[in-house]
1. Which of the peptides 221-229, 40-48, 267-275 is most tightly packed, and how do the rest follow, going by the mean number of other Cβ atoms within 10 Å of each residue?
2. Rank by packing, highest mean first: peptides 10-19, 168-177, 246-255, with packing defined as the count of other Cβ atoms within 10 Å averaged across residues.
3. Give me the net charge of V192's neighbourhood, meaning all other residues with Cβ under 11 Å from the Cβ of V192; Lys, Arg count +1, Asp, Glu -1.
4. Can you pull the one-decimal nm distance between simple spin-label points at V310 and C203, each 7 Å off the Cα toward Cβ?
5. Classify region 243-322 from the C-alpha gyration tensor, please: rounded if a/c falls under 1.5, else prolate or oblate depending on whether a/b exceeds b/c.
6. Please give the FRET efficiency for A152 paired with R8, using the beta carbon to beta carbon distance and R0 = 56 Å, rounded to the nearest 0.05.
7. Using 7 Å Cα-to-Cβ label points, what is the L41/V16 separation (nm, one decimal)?
8. Near P239, within a Cβ-to-Cβ distance under 13 Å, what is the net charge of the other residues, with Lys and Arg +1 and Asp and Glu -1?
Amino acid sequence: MAAPTLGRLALTHLLVALFGMGSWAAVNGIWVELPVVVKDLPEGWSLPAYLSVCVALGNLGLLVVTLWRRLTLDKGERVPIQVVQALSMGLLLLLPSPPSAPTGGPGPGLQVGAPGAEEEEEKEVSLLQEPPSQVAGTTPGPDPEAYRLLSARSACLLGLLAVTNALTNGVLPAVQSFSSLPYGRLAYHLAVVLGSAANPVACFLAMGVLCRSLGGLNGLSLLGMLFGAYLMALAVLSPCPPLVGTSAGVVLVVLSWVLCLGVFSYVKVAVSSLLHGGGQRALLAAGVAIQVGSLLGAVAMFPPTSIYHVFHSGKDCVDPCGP
């Protein structure tokens, strides 16, 4: 078969980029609108928690179908895309919500592999299963310590990927309104918009400067968690966090959101790039870690924000922080 021309490759890359931009524009567009509607809808300041669970449950349907397909490859079965859509929409209906509350939300998920992909998968060597000596076609060494370390490293990378996605896709978004709205709608709007912009900036940075050290990635994750802890403390102290009503408070909360999401985005890209060397099975494991982590983070934050009301919202034209 003839090799594709340069123009055909450019068109293919452009279409793939537009396809990805379409899904992310839908999700980010909803989050950017939250500062405008969060005070007017029945959920109030808990609306981000509902949205986080909706997105996580929508992606869970794709995860279930992907794993199902992996388990049935030896039988030659195929999962129709209609099943994926039905499971995703059905899971969204399971989310409890107040009357007249929106219960759905789009979101990117795991892709179901194309027919015939399993033959290629069998040829690839997974970083999570086989030592590098088998990749090169040589005889494994007598000391199995290298293989154990490789497996431990892979498990640490997957765990780090799950934790960072739990924080950025579930825990922190659920309390973004409580940490930002006390400083005003402008602060909330800037935190959402600039925080979303920090994601692609971190991705482009990782393309040029990629951290391959597990210790370095753990250090960056710890730095992101420090910013996250500050934001969580602001949410707990809502509606009267420190420096409320001051410009310094606005700058600190917005800067914390940008740095927190930027650092975690870089860590996620770096971990995914390292797992890419393990082939399609390693990427599948990474996808599972992303979706499971996101779901656990969103579900864990739903009761305290929407049922038990651990975080408190403020009211317009009322100053609860005065003397």
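The numbers here are math on the coordinates, done by the rules we state, and not lab data. Computed from a predicted structure; not experimentally measured. Cβ: placed from backbone, ideal geometry, glycine included. Neighbour counts: every protein chain shown.
1. 267-275, 40-48, 221-229
2. The peptides rank, most packed first, as 168-177, 246-255, 10-19.
3. Once positives and negatives cancel, what remains is 0.
4. A separation of 3.1 nm, rounded to one decimal place.
5. oblate
6. That pair, A152 with R8, gives E of 0.85.
7. The modelled label-to-label distance comes out at 3.3 nm.
8. 0
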